[in-house]
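This report refers to the structure that appears directly beneath it.
The values are calculated or read from the model by the stated rules, or taken from the named source; none is laboratory data. Every value quoted in this text rests on a predicted model; they were computed, and no experiment measured them. Cβ placement follows ideal geometry from the backbone for every residue including glycine, while neighbour counts extend to all protein chains displayed. When the accessible area is computed, the model is the full protein with side chains, heavy atoms only, and any ligands, DNA or RNA have been set aside. Shrake-Rupley method; radii C 1.70, N 1.55, O 1.52, S 1.80 Å.
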Amino acid sequence: MKLVHRIATMLVLVPLMSACQAEEIPTFSGAIKTDDERSAESLALAQEFNAFMMKNDGKTVKLDISNYYDFGDEDLKRDESGFPDPREFIVTDDCETLPMCTGTSYTIDADLSKLDYDPSHSSRSIRGVFEVAVAGMGQGSWAINLKHLPDAEK
């Protein structure tokens, strides 16, 4: 009888211990700007996203973001079909302190064939698991590198 009780106790405790040890991946989901980048709403969304990324420097995060770049921005690199390259974008989060708006520039190290993204004007979304590395600051803007981890999504 004692053996049955011990086995039953172990069956309950082992999954609980494993669940406590498993760390959840920090996740950010939602739009990170509006079509008017200078609006208060857009700046608040961008500040929330940029703060999340800075907080998770050196960590792995899961992103499901939309409206993350300005489709009409002429400075964006474009792919052969004319769509903006989803691997580079800027998230403007301050238009008050300096004469020009500032924010954070992002570069994603990813194979486009493995990246889950939709470059269409209505969506501008990207999903996946990424390793975050804050590269530094230059000319009033932070630079953050994201390494896509396609195998971590399975």
Out of region 106-115, which residues are modelled with pLDDT under 90 and outside any helix (DSSP H, G or I)? Leu115
Checking Thr34 against (1) modelled with pLDDT under 85; (2) part of a helix (DSSP H, G or I); (3) surrounded by 13 or more Cβ atoms within 10 Å (Cβ to Cβ), which single condition isn't satisfied? (2)
Leading residue by the ranking (least open to solvent (accessible area, probe 1.4 Å)) among those in region 127-154 that are of a type in the set (Lys, Arg) and either modelled with pLDDT under 90 or over 10 Å from the mean Cα position of the chain (by Cα) (or both): Lys147
Can you pull out every residue in region 84-105 that is of a type in the set (A, V, I, L, M, F, W, C) and in contact with a Ser or Thr (Cβ under 6 Å, 6 or more places away or on another chain)? Ile90, Val91, Cys101
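What do you reckon, is Ile90 open to solvent by 70 Å² or more (accessible area, probe 1.4 Å), at pLDDT 75 or above and part of a strand (DSSP E or B)?
yes
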